[in-house]
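One structure is given below, encoded as structure tokens.
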Amino acid sequence: MRESDIIRILKSEEYLYGECPNCGGSFQLTKAELFYGDRFTPRAEEMIEKWTGEIEGRAKELTERRKKARERATKAATSVNVGKVIEKIVPALPCFKYNPQDCRGLFDPIDFILFDGLTEKGRVDFIRMIDLKTGVAQLSPHQKQIKDAIERKKVEWEVYQKK
């Protein structure tokens, strides 16, 4: 018996069912597009073309998304690196409104501690925490916690001395 005869018999019997390998659901073989090997029916050829086109479209979209993600990551990394360099030189710039000699750099989690008056007056009038931001950058969660602790006056002085 030839393959075409077997397919014809399978399609003619309404009590024969198949099972979908993806969802496990059953379906009547009379409603299926049956073929053998690479001898596709016109409907099967049409579906293969459709699915191939969809796959190619999705692959192209995925490639484009990966490219954009790499570009965003590169841009973000460059921005962060430039920011780290700039934060170290800002106190030396004319636009910086504090005496750069009163600044001490921490750079993480905040950029500077300012001891205002230390250099010119020889006494500290106040202490200020400074973090530099550019563009739309915002405080990190840890920086927000530090800001909140300072605003709630949860700051203490301690001398640690090993004897």
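Any idea what log10 I(q)/I(0) is at q = 0.13, 0.16, 0.19 Å⁻¹ for the chain, Debye with uniform C-alpha scatterers and no solvent? Debye intensities relative to I(0), on a log10 scale: -0.86, -1.07, -1.26. Sequentially through segment 118-133, phi angles give Karplus couplings (6.51, -1.76, 1.60; θ = phi - 60°) of 4, 7, 7, 9, x, 9, 8, 7, 7, 10, 10, 8, 10, 10, 8, 9 Hz, Gly and Pro residues having no value and appearing as x.
Which pairs break 32 Å Cα to Cα here: Lys88/Lys147; Lys97/Lys154; Lys97/Lys163? Cα-Cα > 32 Å for Lys97/Lys163; rest within. Computed from the Cβ-Cβ distance with R0 of 35 Å, the FRET efficiency linking Thr134 to Leu62 stands at 0.60. Applying the Karplus relation 6.51 cos²θ - 1.76 cosθ + 1.60 with θ = phi - 60° to segment 15-25 yields 3J(HN,Hα) values of 8, 8, 10, x, 10, 5, x, 8, 9, x, x Hz, where x marks Gly and Pro.
Loop-resident chymotrypsin sites (Phe, Trp or Tyr not before Pro) (DSSP state other than H, G, I, E or B) in segment 1-91 with no more than 13 further Cβ atoms inside 10 Å of their Cβ: Tyr15. Fully extending the segment from Glu151 to Met1, taken as 0.36 nm per residue of separation minus the present Cα-Cα distance, adds 45.2 nm.
Since every read-out is calculated from the coordinates, none of them should be taken as a lab result. Quantities reported herein were computed from a predicted structural model and do not represent experimental measurements. For neighbour counting, all protein chains shown are included, and Cβ atoms are generated from backbone atoms with ideal geometry for every residue, glycine included.
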